[in-house]
Amino acid sequence: MKILALRVAAFRRFTDPAAIEDFAEGVNVLAGPNEMGKSTFFRALEAAFLTRHKVTGNVLNEMRPFAGGEPMVEADFLREGRRWRIRKNFGRGNGAILTDLTAGRVVARNAEAEDQLAALIGKPSDMHGPLGLVWVRQQHTLVRPDPDVDAATGKEKSRGELGALQAAIGREVESAAGGEALQRVQHLTAKALDILLTNTRNAPKKNGPLDLARRARDDTRLELERAESAVAGAERRLDAIAALSAEYAQISAPEYAASRRLDLQQRDAAMAAEVQRRTQLDLAREALKARLLEAESARNASEAARKLKEQISSLESQHRAAETLERDIATLADVLNSDAATRPRIEQLSTLARDRDIAAAELHGDAARVDIMLEAGGAGRVRIDGQGVAGKVSRDVTEHIDIAIDGIGAIRVSAPGAERIAAARQRRDGAVRRHSRSRIFWR
């Protein structure tokens, strides 16, 4: 058999389609830097010829690129003088197509295509066959096997000594026994594994021998941890007992008792001295409180005397001012009493002031009142008797006023009894003029 071409899409590191066409005669060398995809092409050849198209789980996940997608591999090969093509899709929409390129037709699909491909390349059942015997994956056989169980976590490793041993035995049996014997061995092995593992071989069968053994192992490990914890606790308690024993031995010694008695006597003496000192401090504190109270009383008395002194000084000043005012009044009384015309003039002024007040009262008693409250946008649009107003305005209307509103009209407000108001105004104005002339004349 000769490989003619290899094509992949959404396979491991190749998100986009990639291909190697026209393999040459003889040895073909695939060279390039790390992470170029050389190992990916070898893995694609293995998937095309040795992996079923319906695989799931980790096998399928290892084919997918990091960006996701459904893997596809396609290989052209020459077998017994005829050209063939096998195409496999994995994941969703999985399938297999085997095409006879020489005849130009599809000869089988899916499971039938897998079986015919196995017959073409000499691969019996699910074993690798001759192609598998020469298959070498990168570092696959070069890594030294590890223990099956991680000592730190207690979990099984994917590549342990048991796995490596089983793989080596499988390869030896396949090479020595051939297909039929190997199938019988595989059947017996699967039958034995069915007792231990689930159908998917991903976990031990519940309550099976392997599951029970692992539970027993876990229980034993838990008991060991508890025992170790108990031992550690016992060791801590023994250490504490040893420390207490040493302390007890020290306390029980006669010289220690004598030292403790001396220490207690010294402490009693110090306590007595401290009590006496505190008593003296308490007495001094009480005496200080008494002095503070006396000082506070003295300060209050001094403050009261100062205020009384200030009050007396103010009263004396007021008394002197009253005496001066009394003398001035006496002097003015003598002047007024000596002027024969003064008293009639005062009486005349009183009469004129009374007439003025009566006329003003009559004037305001009959007057109307206008209150105007403008909003912010009305400032400057309203005028009273030609004068602009803003905000809140109140006016007494003794006769009448004219209110003009820009863009709207004019309003006249008249007071009731305008004739009486006019007469009262004349009387008030006349009384004011006479009163003013009389005051000027009297001065």
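The values are calculated or read from the model by the stated rules, or taken from the named source; none is laboratory data. Owing to the predicted nature of the structure, the values given are computational and were not obtained by experimental measurement. Every residue, glycine among them, receives a Cβ derived from its backbone with ideal geometry; neighbour counts consider all protein chains shown.
Can you tell me which residues in the range 374-392 are β-branched (Val, Ile, Thr) and out of contact with any Leu (no Cβ under 9 Å at 6 or more places or on another chain)?
Residues of the range 374-392 β-branched (Val, Ile, Thr): 382, 384, 389.
Selection gives Ile384 alone.
Within the range 387-401, which residues are modelled with pLDDT of 75 or more and closer than 28 Å to Ala353 by Cα? Selection gives Ser394, Arg395, Asp396, His400.
All of (1) loosely packed, with under 13 Cβ neighbours inside 10 Å; (2) without any contact (Cβ under 8 Å) to a residue 24 or more places away in the chain; (3) out of contact with any Gly (no Cβ under 9 Å at 6 or more places or on another chain) hold for Ala67 with one exception: (2). In this structure, is Phe14 exposed (fewer than 12 other Cβ atoms within 10 Å of the Cβ) and among the aromatic types (Phe, Trp, Tyr)? No: the conditions fail for Phe14. For the range 7-49, taking the residues that are among the aliphatic types (A, V, I, L, M) and under 47 Å from the mean Cα position of the chain (by Cα), the one that is nearest to Glu74 (Cα to Cα) is identified as Ala9. Applying a threshold of 8 Å to beta carbon distances and a minimum spacing of six or more residues, or different chains, the list of pairs starting in the range 210-230 at a residue that is part of a helix (DSSP H, G or I) and ending at one that is of a type in the set (D, E, K, R) reads Asp211/Lys205. Scanning the range 2-19 finds no residues that are touching a residue at least 12 places away in the same chain (Cβ under 8 Å), of a type in the set (Asp, Glu) and in the same structural domain as Leu117 (by TED's automatic domain parsing). Only a single item in (1) modelled with pLDDT under 95; (2) surrounded by 14 or more Cβ atoms within 10 Å (Cβ to Cβ); (3) not in a loop (DSSP other than H, G, I, E, B) is not met by Gly91, and it is number (3). Each residue in the range 402-419 was checked for being under 16 Å from Asp371 (Cβ atoms) and modelled with pLDDT of 80 or more, and 4 of them qualify.
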